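Report on the following structure.
Values quoted throughout were computed directly from the atomic coordinates according to the rules given, and no laboratory measurement underlies them. Given the structure is predicted, the values throughout are model-derived calculations rather than measurements. Heads up, the Cβs are rebuilt from the backbone with ideal geometry, glycines too, and the neighbour counts pull from every protein chain shown.
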């Protein structure tokens, strides 16, 4: 065959043109991708704010895997009082591979049928869990909640907290990628000046800190993300000040394209999206029935707490789990996820020391709603010996004010059996645990607690360690040289007396009571001291809340230290009790 030089030259030219076109197209694609990645890494601000509220919780199960990993790799911090401790503990709950694998404190439903939630609210599953090890919680200085925030300045008022937060970020500008803090419901109680039109949070003031100082902080570190938090709420707070502040913050975020974690909105809506209002409603709930004041002030839903006035997230787990899931939705968006549209450009998933930053459009949100706050659930310091097929259903560590319940005049000491302990002054100290659902109405349970009395066994004063209304009490009784533990069931009253004991003041000892529907037993330092045949379910004699350190009617206070308060949903065996004493748990 003869060669055709002209034809061959034409083919070569065509190939060269195709190659050139492909090269040009490749360069354009690379340039566009680099531009996109640059936008991501420099945290360019979008034209919309990022808002996560009660409508966002459902997005948790939709977070793509790559954004879960990216969020895990971002370093974040937040500072708060005890509600923040609660949120941190529920974030740790999600670090378990599933709700079934997590401790029972992570998946408790409310004991009152009207406030129970769907089991799906307490459900999650992911191989390896949702790891939050790069996200650090701090307690405000002076609250006794570890680790305390090392800001080096006073934090007594809301203005001081702004100064404290700014001082820390200025001193540690490279420690984290995401910074934030929350004002608690105490900052928005009645008569707070946080919403003052002349000196409030949103008013520029030359003599104290305000929102303009937060804006200046953001301007100093444009590559960092600062999260604005609405306040926590309580059953009694519900105040106009809380509603006004949170609505002002929502308006500010929407008007300036900032980032908002709307905790108050999540707390003041039940899982179905219905709003919850304060307890001044004329409706009886457990131990309270305040007259109706004619106002509906957004407040913490009953579904999320066992407290009648307070704002802690517990013992029901739903509120804390919902807030923790919402925080993951927020962090995934900061890591690049856009739940409203097409995903942002793919980016390499870096190491924890090289997180990816991004701004994106907000998660679906409703019109600004009122808010509320979570409660701290104590951390399990030791794994208890189990046996009997049941589990520990309630644990109060008493390490700090954030350990759980509502403490009154209780101080906290590092001297304890399982870390720290609560110090009770014998005249006014106690912790209100709210309505516990773990003893009343049950036909089996166990309770263990460590005590360090300042008094001897023959003390004339009654020192109450615990009272669950009139259903179960633990107090010293000088006439028997020991302790009395009255247990009331549907079949009668059983008085367990641990008598003829001998202890030195200011030494640690363990008290335990077990009930299996056939007998009630009391133990001192792991040794059986009293046993009675008993039957029936534990009675609910009154509406008094459960308390540590005082009688049901707030008299006869305990003098000394108390630690590691545990309730189990089954009767511990004698060997179980002995093992707990030996291990000091």
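Observations on the structure shown:
- Ordering of 238-248, 437-447 by packing [mean C-beta count within 10 Å, highest first]: 238-248, 437-447
- Scoring 303-311, 484-492 by mean Cβ neighbours within 10 Å over their residues and listing the highest first yields 303-311, 484-492.
- Rg ratio for the range 181-244: its Cα radius of gyration over 2.2 N^0.38 Å, N being its residue count, equals 1.24.
- Over the range 52-334, the reciprocal of the mean inverse Cα-Cα separation, the Kirkwood hydrodynamic radius, stands at 19.3 Å.
- When each of the peptides 201-211, 161-171 is scored by how many other beta carbons lie within 10 Å of its residues on average, the order from highest to lowest is 161-171, 201-211.
- Each Cα pair under 8 Å and six or more residues apart adds its sequence gap; the mean of these over the residue count of the range 52-334 is a relative contact order of 26 percent.
- Those residues of the range 511-544 whose amide nitrogen sits under 18 Å from the label point placed on residue 575, 7 Å along Cα→Cβ: 526-528
- Residue 292-residue 100 pseudo-label distance in nm [points 7 Å out on the Cα-to-Cβ vector]: 4.6 nm
- Here, the range 392-583 has an Rg and a Dmax of 14.9, 42 Å when only alpha carbons are counted.
- Counted over the range 52-334, the DSSP beta bridges are approximately 20% antiparallel.
- Our summary gives the range 392-583 a relative contact order of 32 percent, counting only alpha carbon pairs under 8 angstrom and 6 or more residues apart.
- Under the criterion of Cα pairs below 8 Å and six or more residues apart, the relative contact order for the range 79-211 equals 22 percent.
- Site pair residue 62 and residue 479 shows an inter-label distance of 6.7 nm when each label is modelled 7 Å from Cα along Cα→Cβ.
- If the segment from residue 500 to residue 120 were pulled out straight at 0.36 nm per residue, it would be longer than the present Cα-Cα gap by 131.6 nm.
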